[in-house]
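The values are calculated or read from the model by the stated rules, or taken from the named source; none is laboratory data. Because the structure is a prediction, the values reported are computed rather than measured. Ideal geometry is used to build each Cβ from the backbone, glycine not excepted, and the neighbour counts take in all protein chains shown. Just so you know, the surface numbers come from the protein's heavy atoms only, side chains and all, with ligands and any DNA or RNA stripped out. Shrake-Rupley method; radii C 1.70, N 1.55, O 1.52, S 1.80 Å.
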Amino acid sequence: MGQRVSIPEAEYQERIRKAAKLVAERNLDVLVVNSNEADYANVRYFSNFWPLFETAGVAVSPLGKAALMVGPESGKYAADRSMIQNIFQLMEYRESADPAYPEVKASNYADVFHSIGVKGKKLKIGVGGYLVSNPIQLAGLKECFPDCEIVRADDVMIALRSIKSENEIACIREGLRITEIATAEVIRCIRPGMTELQLVGIAQKTIYENGAEYEGLPMYVFSEKSTRHAISRSTYREIQKGDIVQLNLSAKVNGYSPSIGMPISMGKLVGRKRDVVEFGLEAHRWTYDQLKAGVLAADVAKNYIELFKQRGYYDNYLYGPCHGTGLIEVEAPWMESISNYHLAENMTFQVDTFVSAEEFGIRWETGVVIRKDKAEILSQPIGKIVEISV
């Protein structure tokens, strides 16, 4: 087997240096980013550590020094996996069962900050991953530094993570390559009487056989009424003749988690179902043509909404044409009617075209990278309407 696609250690070190510069520019004394098992992105971005059961955090100082913070049970695990070897075990990062660990002598935020050269008591602490930072973590900061000011610093992480390196793009591309194999295998195997979950199992088996480290998202196969769900989970429902079946499959490579989505038909696609599938494909292809460096994101989103209106599908519209992708399948920035930023080279997005009708819905989706003159599709082109002979 050849060398696996991954992020080199030097790139993690460079990320910490870039973060330190932004911390200084924003007049922060320290940046703390927190993550959990489901949204591990900010911590993994700096350390390659992915918490399990417990949570985790990284502290970065303007001096360019960093520390990884984990729960009481993750010390050895973190030491084996983390690119940051300055590691502390804090009670604030323990698991949700809330064990007391009466015999454990844990560190605190003061110990962590001292190790990375942060001095003083009246600190301005930026917190990234604010929505996944829990009250215990924020209270722990206040306990150690009663006079501190805690501010949201998600903008720091968006600035760092929005523009991808070629190594990151290679991970996304590899994830999509594996996902293509899984998609083809599910289409090969699907037949009436199989459950949605059986088909998810086929996809899971295939991605692991072909080099994925995990699912890039909780993979799903929906059928008929469940295809209306923008977010949902597969069930024991049996696939029937005439069903619309929605696939959204994903393979994680070194944390990077793109996905491929497409509708398939169990039999000939006719009537309203064909109309919706074909409109979704039209809107999906339209989106590709709008994406290049320098374009205002809000303009793409507004014109996308206008396309829905012109074609009589505005009542079936839910969200904008694209969302960022990387260490999490859905990450900032979104592309919405209020998105006041310009697309830049090496930003990566999922072109995510979702159309939800009363009885069913469809999604065409895959990953792209913004280039100077045109977006580059990172998978094989999707868009073939699949009709399964039953």
| request: Considering only region 356-375, state which residues are in a strand (DSSP E or B) and more than 19 Å from the chain's Cα centre (by Cα). | output: Ser356, Gly361, Ile362
| said: Among the listed residues Tyr319, Tyr304, Tyr313, identify the single one that is touching a Pro at 6+ places or on another chain (Cβ under 6 Å) and either aromatic (Phe, Trp, Tyr) or on the phi < 0 side of the Ramachandran plot (or both). | reply: Tyr304
| Taking region 289-304 as the search range and keeping residues that are open to solvent by less than 30 Å² (accessible area, probe 1.4 Å) and part of a helix (DSSP H, G or I), which one is farthest from Pro333 (Cα to Cα)? | Tyr304
| request: Name every residue in region 123-176 that is under 30 Å from Cys322 (Cβ atoms) and among the β-branched types (Val, Ile, Thr), in order of residue number. | output: Val127, Val132, Val151, Val156, Ile158, Ile163, Ile169, Ile172
| Just wondering, is there one or more residues in region 98-121 that are under 28 Å from Asn248 (Cα atoms) and among the basic types (Lys, Arg)? | no
| note | For region 124-161 the number of residues that are crowded, with 20+ Cβ neighbours inside 10 Å, in a loop (DSSP other than H, G, I, E, B) and out of contact with any Lys or Arg (no Cβ under 8 Å at 6 or more places or on another chain) is 2
| remark: Here the residues within region 64-95 that are open to solvent by 60 Å² or more (accessible area, probe 1.4 Å) and either at pLDDT below 95 or not in a loop (DSSP other than H, G, I, E, B) (or both) are Lys76, Tyr77, Asp80, Arg81, Gln89
| said: Just to be sure I understand the filter: pairs with C-beta atoms under 7 Å, separated by 6 or more residues or on different chains, first member in region 29-55 and closer than 23 Å to Lys142 by Cβ, second member of a type in the set (Lys, Arg) and in a loop (DSSP other than H, G, I, E, B). Which pairs pass? | reply: Glu54/Arg94
| Filtering region 1-41 down to residues that are under 17 Å from Phe88 (Cβ atoms) and within 21 Å of the chain's Cα centre (by Cα), which residue is surrounded by the fewest Cβ atoms within 10 Å (Cβ to Cβ)? | Ile16
| remark: Every listed condition ((1) over 16 Å from the mean Cα position of the chain (by Cα); (2) open to solvent by 10 Å² or more (accessible area, probe 1.4 Å); (3) closer than 18 Å to Val253 by Cβ) holds for Ser47 save (2)
| remark: Quick count over region 17-49, residues being part of a loop (DSSP other than H, G, I, E, B), among the polar types (S, T, N, Q) and either more than 20 Å from Ser133 (Cα to Cα) or out of contact with any Pro (no Cβ under 8 Å at 6 or more places or on another chain) (or both), is 2
| remark: Considering region 107-121, residues that are open to solvent by 40 Å² or more (accessible area, probe 1.4 Å) and in a loop (DSSP other than H, G, I, E, B), and then whichever is farthest from Asp147 (Cα to Cα), we arrive at Asn108
| field | Residues within region 209-249 that are within 24 Å of the chain's Cα centre (by Cα) and part of a loop (DSSP other than H, G, I, E, B), tallied | value | 15
| task | Name every residue in region 173-201 that is in contact (Cβ under 8 Å) with a residue 12 or more places away in the chain, open to solvent by less than 40 Å² (accessible area, probe 1.4 Å) and either in a helix (DSSP H, G or I) or within 23 Å of Asn254 (Cβ to Cβ) (or both), in order of residue number. | result | Gly175, Leu176, Ile178, Thr179, Ala182, Thr183, Val186, Cys189, Glu196, Leu199, Val200
